[in-house]
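Working notes for the structure below.
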Amino acid sequence: MKYIFAAASLAALVAAGYGAPAAAQARDAAVVGPPSETGEAVRTGPLPARLSLAQAMEEADARSPRVVAAQAEVEAARGRQRQAGYRYNPTLNVDVENFAGTGPYSGFNGLETTVSVNQRIDVGGRRRARMTLADAEFLAAKYRLEIARADLAFDVRNQFATAIAARDNLALARENEARARELVRVAQAMVDTGNEPPLRAFRANAALVQATAELRTAEAEELTARRSLAALLGATVPPAELADGDLGVAPTSADALETLDVRLAETEKLIAEARLQGQRADGRLDPSVGFGVRQLRETGDRALIANVSVPLPVFDRNRGNISAARSDVAAAIARRENAVVNAQAEIANAQAELEASEARLAALEGSGIEQAREGVRLAELSYRAGKSTLVEYIDAQQAYATTQAELIAARQARAEARAILARQAAADGDADHQP
């Protein structure tokens, strides 16, 4: 039996806009947001033996699992964005009636066959709501990728600064230990010549023991810092040496409203609003229309049929979901305001810390360290000439060591403040890839 299918009706339905969403597939390039991911493979292998901050930042971005995970989330959101643009599929119905009965309907004598196509019409705006939600989620995924990179760069900056400070503290500890060892030799010589009582030699030896203990601690902390840096970069073997240089030049200010966290919060507000729009659309009625052909076997006649079906909102009007979505929008607005306040506070604190560390460095690198070094030299000359005591000489050495330690701490504090400002100023997706 040959059935005539209502091809003309279906073609007209598809031509009316219910086919594949070519426009939805082209929307990816139109989304405004952070730069897209590169899609490069995760890097493995050893780190460079001599590692600079710029190399560390580049290695981290190429190796980090958190960046790979965020890139995968972007691709997942891209797929959902593409899927959201498709319209409802039509439904093919084949109905066979009036057969295998009694009398004139026994066998297939009274058979009636109906072939129809039904299409649900989106008059409630569900597709538009889906597309808006998918676009916002895709944009949020891209911001989360840039946040992952910015957070990683922030961690690398801080850990690199910690490793540099540990290296400098180790050099200071070695210098202090060598100076304490020389002090023991000088003190013992003074005791042997009768210029100092034996107690002075004991005091010098005690200072040496303390300096040696501090050296061992500094060695352990320096190795730990390099290992932590290597682990952050996804490597097991730490770099043998860290390159000297500025620990990350960063802007001295940032706009709180332009930070990645605030932009993500704004995008999440758009997501909440899109979900509210979707819940409202789900509460509206979408009719289904159908067109088909019916053939009567008994007479051989054919006739077109049409139908319209509309769901009746007797029990479920989706009011609960709409109310929940409204509350989600209010929560998203509050989170956005909180993100702005936190960004403003963090930027202000970082700027204050940067100014304070710069002032400390100016004082220490100027006359402070030179005066402490000169004090040690004069105290040593005075002690060797018998004009000052061993305690005064040790005090001068400790003052010099303290000044050097403060200088190292001030440099680290400056680097940490710059890392915070660089993290907050990373809205364009490029700041975190630059040293």
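The values are calculated or read from the model by the stated rules, or taken from the named source; none is laboratory data. Note that the coordinates shown come from a computational prediction; the quantities given were computed from them, not determined experimentally. As a convention, Cβ positions derive from the backbone with ideal geometry for all residues, glycine included, and neighbour counts pool all protein chains shown. Each accessible area value is taken on the protein alone, full model and side chains, heavy atoms only, with ligands, DNA and RNA left out. Shrake-Rupley method; radii C 1.70, N 1.55, O 1.52, S 1.80 Å.
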Per 5 Å bin, what is the whole-percent P(r) computed from every C-alpha pair distance within the stretch 84-213? 2, 8, 7, 6, 5, 5, 5, 5, 5, 4, 4, 4, 4, 4, 4, 4, 3, 3, 3, 3, 3, 2, 2, 2, 2, 1, 1, 0
Nothing charged except the Cβ atoms of Lys and Arg (+1) and of Asp and Glu (-1): what's the magnitude of the dipole of the stretch 136-182 about its Cα centre? Round to the nearest 20 debye. 60 debye
Taking Cα atoms of the stretch 311-371, Rg/Rh with Kirkwood Rh, to two decimals? 1.62
Compare the peptides 222-235, 86-99, 177-190 by average per-residue count of other Cβ atoms within 10 angstrom and give them in order, highest first. 222-235, 177-190, 86-99
Per 10 Å bin from zero, what fraction in whole % of the C-alpha pairs of the stretch 122-191 is there, up to the bin with the longest pair? 16, 17, 15, 13, 11, 9, 7, 6, 3, 2, 0
Highest to lowest packing among 129-135, 63-69, scored as the average C-beta count within 10 Å: 129-135, 63-69
With N set to the residue count of the stretch 309-413, report its C-alpha Rg divided by 2.2 N^0.38 Å to two decimal places. 2.49
What shape does the stretch 262-353 have by the C-alpha gyration tensor, where a ≥ b ≥ c are the square roots of the eigenvalues, rounded means a/c under 1.5, and otherwise prolate means a/b greater than b/c and oblate the rest? prolate
Can you give me the P(r) profile for the stretch 182-309? Cα pairs, bins 10 angstrom wide beginning at 0, each as a whole percent. 9, 12, 11, 13, 12, 10, 8, 8, 6, 4, 3, 3, 2, 1
Quickly work out the GLU365-to-ALA76 label distance, labels modelled 7 Å from Cα along the C-beta direction, and quote it in nm with one decimal. 4.6 nm
Residue-normalised value, i.e. accessible area per residue, for the stretch 52-169 at 1.4 Å probe, in Å², stands at 43 Å²
Return one whole number: the accessible area per residue of the stretch 244-402 in Å², for a 1.4 Å probe. 58 Å²
Let's test the formula: R0 of 56 Å, r as the Cβ-Cβ distance of ILE322 and GLU219. What FRET efficiency results, to the nearest 0.05? 0.30
If you roll a 1.4 angstrom probe over the protein chains with everything in place, what fraction of the accessible area of the stretch 120-180 belongs to carbon and sulfur, to the nearest %? 51 percent
In Hz, Karplus ³J(HN,Hα) per residue of the stretch 341-350 (6.51, -1.76, 1.60; θ = phi - 60°; x = Gly, Pro): 4, 5, 5, 4, 5, 5, 5, 4, 5, 5
Förster radius 30 Å - calculated FRET efficiency between ALA206 and SER228 (Cβ-Cβ, nearest 0.05): 0.35
